[in-house]
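Engineer: Structure provided below as structure tokens; questions to follow.
Every read-out reported here was derived from the displayed coordinates using simple, explicitly stated rules and does not represent laboratory data. A quick note: this is a predicted structure, and the numbers were derived from the prediction, not measured. Because the Cβ atoms are built from the backbone with ideal geometry, glycine has one as well, and the counts that use them run over all protein chains shown.
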Amino acid sequence: MELLTVESYSGRKADERPVRFRLGEGQFEVEAVLDQWYDPESVFYKVRADDGNLYILRQQTSTPDGQWELVSFRQAG
């Protein structure tokens, strides 16, 4: 599994939404958050990155460190 590091926008609360992420050797800017949903232990973000591809990122909310993982990737085109 590739290492995923996410930088989040923090407004009224911490980690409101992802703004950029590093996956392996690549760094990507989030151009748009297309969808957001929750389960009891996580929050999910469907984002379009500056490479035009779609990513689903999951942040664990049930643990203090709020670890991120890549759930899905879809290449544009």
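Engineer: Please build a GNM for the chain, connecting alpha carbons under 10 Å apart, and tell me which residue among 24, 66, 52 fluctuates the most.
Structural biologist: Between 24, 66, 52, it is 24 that shows the largest mean-square fluctuation.
Engineer: Estimate the FRET efficiency between residue 33 and residue 75 by the formula 1/(1 + (r/R0)^6), using the beta-carbon distance for r and 25 Å for R0, to the nearest 0.05. Walk me through the numbers before you get to the answer.
Structural biologist: Values: r = 19 Å, r/R0 = 0.76.
Given R0 = 25 Å and the Cβ-Cβ separation, E is 0.85.
Engineer: Hey, of (1) 29, 15, 13; (2) 57, 18, 9; (3) 19, 13, 13, which did the structure itself give for semi-axes √(5λ) of the Cα gyration tensor in Å when calculated?
Structural biologist: Given (1) 29, 15, 13; (2) 57, 18, 9; (3) 19, 13, 13, the structure-derived one carries the label (3).
Engineer: Which residue fluctuates most in the GNM of the chain (Cα springs below 10 Å): 65, 51, 35?
Structural biologist: 65
Engineer: In which sequence would 4, 34 go, from the one with the fewest C-beta neighbours within 10 Å to the one with the most? Intermediate results must be reported in sequence, preceding the final value.
Structural biologist: Details: 4 16, 34 13.
Sorted ascending by nearby Cβ count, the order is 34, 4.
Engineer: May I pose another question? Going by C-beta contacts inside 10 Å, put 73, 28, 21 in order with the fewest on the left.
Structural biologist: So the residues, fewest neighbours to most, are 73, 28, 21.
Engineer: Could you list 10, 42 so that the one with the fewest beta carbons within 10 Å of its beta carbon is first and the one with the most is last? Before the final figure, lay out each step's value.
Structural biologist: Details: 10 11, 42 18.
Lowest count first: 10, 42.
Engineer: A follow-up question, please. In the chain, once you exclude exposed trypsin sites (Lys or Arg not before Pro) (DSSP loop, at most 16 other Cβ within 10 angstrom), what's the longest stretch remaining?
Structural biologist: Working: sites that count: 12, 13.
Here the longest run is 14-77.
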